[in-house]
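Everything below concerns the one structure shown next.
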Amino acid sequence: MALHINIIAPDRTVWDANAEEVILPSSTGQLGILRGHAPLLTALDIGVMRVRIEKDWTPIVLMGGFAEVENDELTILVNGAEEGSKINKDEAEKELEEMTMRFNEATSSKERIQATQNLRKARARVQAASA
């Protein structure tokens, strides 16, 4: 018996599979989920979710959202998601450099907030592509 995971973005189902273990980037820190986990609803931060199927770990970038665990079902609703294996590492690193530069050049508070979000997304993409 396994934990069933369903990741849903506004435009598509990103992931629908069974796994042994999941590590989520919750808003309060990393959160591990195994079979038999107590019912839970949590906010998700921008970051890398890790899914273990047998002995292999698969990184998936989550762009914030919510996760619910109930009866060995993990449902994740996100603003966006991307599997690490589908990310071009060189492009992700270039994007990180660009977002770092934009962050450093931001002057208004609105620009800094947007630049911070974009920088966090770029970092998560590089992290997932490197895993």
Open item on the list: Could you work out the relative contact order of the chain? I mean the mean sequence separation of Cα pairs under 8 Å and 6+ apart, divided by the number of residues, in percent.
Closed with: 23 percent
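Just want the ordering: ARG125, ARG12, from fewest to most Cβ atoms lying within 10 Å of their own Cβ.
Values: ARG125 26, ARG12 8.
Ascending number of Cβ neighbours within 10 Å: ARG12, ARG125.
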TODO: Find the centroid of the Cα atoms in the range 69-131 and in the range 3-64, then give the distance between the two in whole Å.
DONE: 16 Å
Open item on the list: Sort LYS110, LYS55, LYS121 by Cβ crowding within 10 Å, fewest neighbours at the top.
Closed with: LYS55, LYS110, LYS121
TODO: Once you've got the GNM for the chain with C-alpha springs shorter than 10 Å, pick whichever of SER109, SER26, SER85 has the biggest mean-square fluctuation.
DONE: SER109
Task: For the chain, built as a Gaussian network whose Cα springs stay under 10 Å, the top-fluctuating residue of ILE23, ILE60, ILE76 - done: ILE23
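Pull out a ≥ b ≥ c, the square roots of the eigenvalues of the alpha-carbon gyration tensor of the range 3-84, then state rounded if a/c is under 1.5, prolate if not and a/b is larger than b/c, and oblate in the remaining case.
Values: a/c = 1.33, a/b = 1.15, b/c = 1.16.
Taking the square roots of the gyration eigenvalues as a ≥ b ≥ c, the range 3-84 is rounded.
FYI, it's all coordinate maths here, none of it is from the lab. For clarity, every value in this text was computed on a predicted model and none was experimentally measured. Note that each Cβ is placed from the backbone with ideal geometry, even for glycine, and that neighbours are counted across all protein chains shown.
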